[in-house]
Amino acid sequence: MLPHQDVVAEVMDLPDGPEIGAFFDFDGTVISGYSATAFIQEQIRRGTLSVRELVELVGAMAAFGMGNMGFSAMMIATSQFLRGIREDSYINFGRELFESHIARLIYPESRALVQAHLKKGHTVAIISSATPYQVEPAAQDLGIDKVLCTRLEVDEKGNFTGAVIQPTCFGQGKVTAADSLAEQYGVDLDKSFFYSDSDDDI
């Protein structure tokens, strides 16, 4: 028996009902690798990302990786190249990229765990530091209707402003998101599950 099958069996032995939560991280947990990489690669391929913007993106991500920049600051820096772009066009871009690339990155083990929790009527959610444009197409494919993630500011005309809505869904922000979800749906966190590939989520 594969390791995830042990967990699936454990889930199927649990009581039914929404008081048990199953919260999934996204990048590296639901999917193999990082969705942001796929987004950047496709924007380079389409020519919608300039060399200067690419250098700024890579610089901000490297600074975050080395601990020289906080997550929120990195998100603000990397969101600047979206300023003035219509959100609906980026939503469509995210859906296209999911169908062409990200869908095949979903771990079959993660899909099996999600389906097991859904069958039991548990409160299933993705809680991720990524944006909805990365996460929501996969959540819809998996049948997950609760997504808590980092949101970008959109103006009254439907265009990105380049700002990030605070708090971002990282570190304490992810804890706050999980707590609010648990309170809203009456989830008992002592009986619940959180799936992640990262020590940052501990």
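The values are calculated or read from the model by the stated rules, or taken from the named source; none is laboratory data. Small disclaimer: the values here were computed from a predicted structure and weren't measured. Here the Cβ is made from the backbone with ideal geometry for all residues, glycine too, and neighbour counts use every protein chain on show. Quick note on the areas: whole protein, heavy atoms, side chains included, nothing else; ligands and nucleic acids left out. Shrake-Rupley method; radii C 1.70, N 1.55, O 1.52, S 1.80 Å.
A few remarks follow.
- Computed [θ] at 222 nm, helices only, for the chain once each DSSP H run of length n ≥ 4 contributes -39500 (n - 2.57): -15000 deg cm²/dmol
- Dipole magnitude of region 1-89, debye to nearest 20 (Cβ charges: Lys/Arg +1, Asp/Glu -1, about Cα centre): 820 debye
- Accessible surface of D13 - all protein chains present, 1.4 Å probe, nearest 10 Å²: 130 Å²
- With Cα atoms, 0 to 90° folded angle of helix 132-142 axis to the chain main axis: 30 degrees
- Gained length - S100 relative to A9, 0.36 nm times residue gap less alpha-carbon distance: 29.5 nm
- Aspartates and glutamates with Cα under 16 Å of K119, excluding same-chain neighbours fewer than 8 positions away: E10, D13, D16, E19, E109, D141, D145
- Candidate lysines - alpha carbon under 27 Å from K157, same-chain residues fewer than 8 apart omitted: K146
- Whole-number D in µm²/s for region 92-163 (Stokes-Einstein; Kirkwood sum over Cα pairs; 10 °C, 1.306 mPa s): 118 µm²/s
- I202 paired with S89, simple spin-label distance in nm, labels 7 Å along Cα-to-beta-carbon: 4.4 nm
- Accessible-area composition of the chain, carbon plus sulfur, in percent [1.4 Å probe]: 54 percent
- For F71, solvent-accessible area (1.4 Å; no DNA, RNA or ligand), Å²: 20 Å²
- A simple rule links phi to the HN-Hα coupling: the Karplus curve 6.51 cos²θ - 1.76 cosθ + 1.60 with θ = phi - 60°, which for region 66-79 gives 8, x, 8, 8, x, 4, 4, 5, 4, 5, 5, 5, 7, 8 Hz, with x for Gly and Pro.
- Mean sequence separation of contacting Cα pairs (under 8 Å, at least six apart), scaled by the length of the chain, corresponds to a relative contact order of 35 percent.
- DSSP assigns beta bridges within the chain; of those with both partners inside it, close to 30 percent run antiparallel.
- Each principal axis of the Cα atoms in the chain has its own extent, and those three values, largest first, are 53, 36, 32 angstrom.
- Against the criterion of solvent-accessible heavy-atom surface with a 1.4 angstrom probe, F26, F193 sort, most first, into F193, F26.
- For the chain, built as a Gaussian network whose Cα springs stay under 10 Å, the top-fluctuating residue of N159, N92, N68: N68
- Cα-based helix-to-principal-axis angle, 51-65 vs the chain, degrees rounded to 10: 40 degrees
- Helix 87-100 vs. the chain, principal-axis angle (Cα, 0 to 90°, nearest 10): 60 degrees
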